[in-house]
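I have placed the structure first, in the form of structure tokens, so that the comments after it can refer back to it.
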Amino acid sequence: MSAQNDTEFLEFIIKSLVENPDAVKVSRRVDDMGVFIELVVDPVDMGKIIGRNGHTAQAIRTVMKAFGKKHQANISIQIKEPEGGVKKETKTLDEAVAGLGIE
């Protein structure tokens, strides 16, 4: 299997899902364990790639594993969290209760 086939296929899938397709970066390396592909997307698009409860990310990994099986390769995908990622602010239980205005 050529490096272009699996990375192009993954890029096609990811760019179809995101708002900023130009920010998608895919890198590939091969070792004795198989093919390792690292994916980086715009911080704004992370939610779209991960999906609710990680279902989209799992589906992407499943499709890529099937693609690898067809080409006799073990493909692993790592979705890198981009620097400056959008993180939700978490509150302690006391802060959340205080925010409700209940006394």
With the 8 Å Cα cutoff and a minimum separation of six or more residues, the range 3-100 has a relative contact order in percent of 26 percent
Of all DSSP beta bridges having both residues in the chain, the percent classed as antiparallel (nearest 5) is 55 percent
Given points 7 Å out from each Cα along the Cα-Cβ axis, report the N5 to A73 separation in nanometres with one decimal. 0.8 nm
Taking the mean number of other Cβ atoms within 10 Å as a proxy for protection, how do you rank 18-26, 41-49 from highest to lowest? 41-49, 18-26
Around V35 (Cβ within 14 Å, Cβ-to-Cβ, excluding V35; K/R +1, D/E -1) the net charge comes to +1
Computed FRET value (nearest 0.05) for L100 with V44, which takes r as the C-beta separation and R₀ as 41 Å: 0.85
Computed for the chain: size of charge dipole around the Cα centre, +1 on C-beta of each Lys and Arg, -1 on C-beta of each Asp and Glu, debye to nearest 20, value 540 debye
Return an integer: the convex hull volume of the alpha-carbon atoms of the range 1-79, in Å³ per residue. 79 Å³
Taking 7 Å along the Cα-to-C-beta vector as the label spot, tell me the D22-V63 distance in nanometres, rounded to one decimal. 2.4 nm
Cβ under 12 Å from D6's Cβ, D6 left aside: what net charge do those residues give with Lys, Arg +1 and Asp, Glu -1? +3
Step through the table entries K15/K69; K25/K69; K48/K80; K25/K65; K48/K70, compare each Cα-Cα distance with 21 Å, and write down the pairs that go over it. K15/K69; K25/K69; K48/K70
Between V30 and T56, how high is the FRET efficiency from 1/(1 + (r/R0)^6) when r is the Cβ-Cβ distance and R₀ = 30 Å? Nearest 0.05. 0.70
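None of the figures in this text is laboratory data; all of them are computed from the coordinates on show. These numbers were taken from a predicted model, which means no experiment stands behind them. With ideal geometry, Cβ positions are generated from the backbone for all residues, glycine too; neighbour counts draw on all protein chains shown.
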